[in-house]
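The values are calculated or read from the model by the stated rules, or taken from the named source; none is laboratory data. Keep in mind the model is a prediction, meaning the values are calculated, not measured. Reconstructed Cβ throughout: ideal geometry from the backbone, glycine too, with neighbour counts over all protein chains shown. Accessible surface areas use protein heavy atoms only, side chains included; no ligands, DNA or RNA. Shrake-Rupley method; radii C 1.70, N 1.55, O 1.52, S 1.80 Å.
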Amino acid sequence: MDLYSIVKHLHSGFRYIVFILVVIAIIQSLLGLLGKKTYTNVNRKINLFALISAHTQLLIGLVLYFLSPLVKFTSETMKQADTRYWTVEHVAMMIFAIILITVGYSKSKKAILPEAKHRAIVVFYLLAIVVMVAAIVQSHRPLLG
Ligand code: HEM
């Protein structure tokens, strides 16, 4: 296996870690919000791990960006759907999703009231997962598997 396929497999598999942590973060925050619960250290850690996983995926993606044959900068890039997707659209949508997660975590951290802490995670992490799923659906590669 060459470096490209190793990094590609890593990036491909790492999506599940990001998805699972973001989904767990959303569920626990939703339960916290609806159940008017306090914001515990466990809540904070799960939200933080989801943030770290997204940032790690960003770094792996960045390395992959320089290895992938589908990332090209020629006059044909924007005319072909696959090179346009992998050179421009995937990165743009995924970075947007990661920014949403970062903003959500930071708003949750700054909020004083527990419900505001939970709400920031629910809103921003949910938006982020919608963007990530939409980006993968658009890639015509399987969402899972
Ligand atoms: C949370 C964010 C991200 C998720 C969930 C994600 C997910 C994925 C998935 C599922 C694939 C397809 C893998 C396959 O078919 O085997 C992929 C490929 C790829 N991603 Fe990401 N990605 C993310 C962020 C990024 C970022 C930020 C970049 C660039 C800076 C990036 C660059 C790439 C590249 C270059 C490919 C490979 C195209 C190829 O050669 O087949 N990704 N990503």
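Descriptive notes on the structure:
- Annotation note: GluC sites (Glu not before Pro) in the stretch 76-145 located in DSSP loop regions with a Cβ neighbour count of at most 10 within 10 Å are Glu76.
- Rotationally averaged projected area of the stretch 24-103 (alpha carbon convex hull; nm²): 6.5 nm²
- Of all accessible heavy-atom area on the stretch 43-145, the percent that carbon and sulfur account for (1.4 Å): 74 percent
- With respect to the chain, whose longest principal axis is taken over its alpha-carbon atoms, helix 114-138 is tilted by about 20°.
- Annotation note: chymotrypsin sites (Phe, Trp or Tyr not before Pro) in the stretch 71-132 located in DSSP loop regions with a Cβ neighbour count of at most 12 within 10 Å are Phe73.
- Charge-dipole axis of the stretch 3-138 as Lys and Arg at +1 and Asp and Glu at -1 on Cβ define it, positive-most pick from Ser75, Leu100, Leu62: Leu100
- ³J(HN,Hα), Karplus 6.51/-1.76/1.60, whole Hz, each residue of the stretch 63-78, x for Gly, Pro: 5, 4, 4, 8, 9, 6, x, 8, 9, 9, 10, 10, 5, 8, 3, 7
- Counting heavy atoms of the protein chains alone, Met132 has an accessible area of about 10 Å² for a 1.4 Å probe.
- Alpha carbon centroid spacing (whole Å) that separates the stretch 96-140 from the stretch 28-67: 9 Å
- A convex hull fitted to the Cα coordinates of the stretch 3-138 yields 95 cubic angstrom per residue.
- Axis angle, to the nearest 10 degrees, between helix 90-110 and the longest C-alpha principal axis of the chain: 20 degrees.
- Straight-line reach from Lys37: taking Cα to Cα under 20 Å and skipping same-chain neighbours fewer than 8 places apart, the aspartates and glutamates in range are Glu115.
- Label zone at Lys107 (point 7 Å along Cα-to-Cβ), backbone N below 12 Å, the stretch 8-37: none
- Kirkwood hydrodynamic radius (C-alpha pairs) into Stokes-Einstein, the stretch 14-62, 25 °C and 0.890 mPa s, D in µm²/s: 218 µm²/s
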